[in-house]
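Chemist: Just passing along the structure, written as structure tokens.
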Amino acid sequence: MLQSTDLLAVIFTVTLVFSCFVLFSRFRGTMDMQERLIVPGSSNSSTADKSPVGDAQDSGDELNIQESARTRQPYDVFLVVDVEGTCEAGSSFDHPNEIIEFPVCLMRWKDDKQRHELVVVDEFRSFVKPSWRPTLSRFCKKLTGINQSQVNNAPTFGQVLESVSQFLVKHGILDEGCCEPLLRFCWCSDGPYDVRDFVVKQCFISKIDMPSWLKGDVLDVKKMVTSWSIMQNHRGRKMKAMLTRNYPNRPSLNISSQLRVLGLPAFQGRKHSGIDDARNISRIMSECARRNIRLQPNTRIDPNRRWSWMGKSGQILLQI
């Protein structure tokens, strides 16, 4: 027969084992629930933690745009640009467009520690005098609202770039002496064309090197909001499959459509006015920041990109 002390030991051991089993079962249940709550690609997952900051993500950039209470915003300043260029009726983006308006909305965090509220703190705007085809087409004037006298009296593109750099120096973004960055900033545009195409073309036409502060990859706001919109429509499905760039039914949202899907008031100002477009893109950026969407580059820029009409040393191989 068991002694009383032995019996107490057995009872204690059985009770301890049973308690451990109950605690382990509860722990496993909690972990399973957390795994179901984690959305693939969110800032809570390993995908977001491993993404390099400051580089455009060709295959997985859209996965970093999901809402999260713990989104880490890596950039201090956002420079929203929407250039306008010379154009002809029926011309494509392969055309040798010249920039005729260069606007920038400078956005910063209202509270640099929290980084939830993004606001416009200043604006830059300049018209630009075209050199290859100095006379604007009727189509171009009607589309952009820019008249001939505005570009005739405007500075050259090189002079405008110098003014932009001084604007960035004034706000402590670039070093005055060497134009090296003092803060982490990111260029933002509606689509990839403004810096990737228009600025690269204009630097060639103007026979100037692209400034180092313009060479970085950019945040394509249209791409970001489009991906976010798809995510909202397909929440709960496999996000990576739904957000890839080859998604066949992927919509293309213009500025007005982006405002609408984000629940913002309609477009304010004149469409295809560079400064008004930039202001509305800034409204979109502010709302994305409020929703804790990660704001980082998603489009690569190649300063050495060339088009078939480019000859040697700024020569344009087209007939006027």
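Chemist: Test of understanding: what is the full-extension gain from Gln159 to Val119, defined as 0.36 nm times their sequence separation minus their Cα-Cα distance?
Modeler: Extending this stretch completely gives an extra 11.6 nm.
Chemist: Using the count of nearby Cβ atoms within 10 Å as a rough guide to exposure, how do Phe139, Phe167, Phe204 rank from fewest to most?
Modeler: If I rank by nearby Cβ atoms, fewest first, I get Phe139, Phe167, Phe204.
Chemist: Arranged by the count of other C-beta atoms within 10 angstrom, fewest first, what order do Val195, Val77, Val121 take?
Modeler: By the 10 Å Cβ count, ascending: Val121, Val77, Val195.
Chemist: The range 69-290: Rg/Rh from Cα coordinates, Kirkwood Rh?
Modeler: Radius of gyration relative to Kirkwood radius: 0.97.
Chemist: What pairs from Lys170/Lys215; Lys110/Lys141; Lys110/Lys207; Lys129/Lys312 go past 28 Å between their alpha carbons?
Modeler: Lys110/Lys141; Lys110/Lys207
Chemist: Still on this structure, I have one more. Please arrange Arg300, Arg283 by how many other C-beta atoms lie within 10 Å of their C-beta, fewest to most.
Modeler: Starting with the residue having the fewest Cβ neighbours, the order is Arg300, Arg283.
Each value in this text was obtained by applying a stated rule to the coordinates, not by laboratory testing. A quick note: this is a predicted structure, and the numbers were derived from the prediction, not measured. Every residue, glycine among them, receives a Cβ derived from its backbone with ideal geometry; neighbour counts consider all protein chains shown.
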